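Below: the structure, in structure tokens.
Every number in this text was worked out from the coordinates using simple rules, so none of it is lab data. Values in this document were obtained by computation on a predicted structure and should not be read as measured data. Every residue, glycine among them, receives a Cβ derived from its backbone with ideal geometry; neighbour counts consider all protein chains shown.
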Amino acid sequence: MRRLRAALWLLVLCALSACGSGGPTGGARLGDYVGGSVPIDCAPFALTGVQLAGAADDWWGGSVGRYRCAATTEAGGILVLRRSDRLPYGHVAVVTRVLSSRQVLVSQANWVHHRGSQDQPVVDVSARNDWRLVRVWWPSTDQMGIADCPARGFILPGRPVSHDELIAAMPRAVRLAQNE
């Protein structure tokens, strides 16, 4: 178990270059910030065996032939948002819980500049229910964002990951990234 944890934290450090720019958490509020100011990129939480780096949108192409990719997900899956005017490098977030076929909770960094957050809702708003268009929680207003974000889908974890594992790992991942 100790060896597995050490390997997972190594993966956290490998994932740091992904981007350029009282609820379901057992006491924390939905979408709470974690760890204060987070001077890191958007995906320091790839604790599922996925080893990819570079611009977040490039993770999708980099995953081909290496990882399972799908339009549905499970805890530990990585949601990949496409490049856009608002997201010039794309964005990635780790799914912490699947609520329904059209709603998940994610943990992510830098959705709000220099902030890490956990269990933020993301809703599939695509016409075909294929996760190609999503809306993401906007913590500053304490509600869902109003902009639709184009997405590629999910890179699935190499092993089963529980919600509790992902939530417990996030503060340490933030601390490790801050000391990087």
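Treat the count of other C-beta atoms within 10 Å as a stand-in for reagent exposure and order 138, 131 from fewest to most. Mind dumping the intermediate values first?
Numbers: 138 16, 131 24.
Arranged by neighbour count, lowest to highest, 138, 131 become 138, 131.
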Fill in the blank from the handout: Compactness check, the range 41-163: C-alpha Rg relative to the 2.2 N^0.38 Å globular estimate gives 0.94
Completion exercise
The answer for residue 133, listing residues at least 5 apart or on another chain whose modeled amide H is closer than 5 Å to its amide H, is 125, 126, 151
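If you take the Cα atoms of the range 107-153, find Rg, then find the Kirkwood Rh from the mean of 1/r over all pairs, what is Rg/Rh? Before the final figure, lay out the partial values.
Values: Rg = 11.0 Å, Rh = 11.2 Å.
Reported Rg/Rh, Kirkwood definition of Rh: 0.98.
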Practice task
Calculate the spin-label point distance for residue 159 paired with residue 127, positioning each point 7 Å from the Cα along the beta-carbon direction, and give it in nanometres.
Solution key: 4.3
Handout entry: Cut-off under 5 Å, modelled amide H: who pairs with residue 144 long-range
Key = 138
Problem - Calculated from backbone phi, Karplus (6.51, -1.76, 1.60) coupling profile of the range 150-161 in Hz, x at Gly/Pro - result: x, 10, 9, x, 10, 8, 8, x, x, 8, x, 10
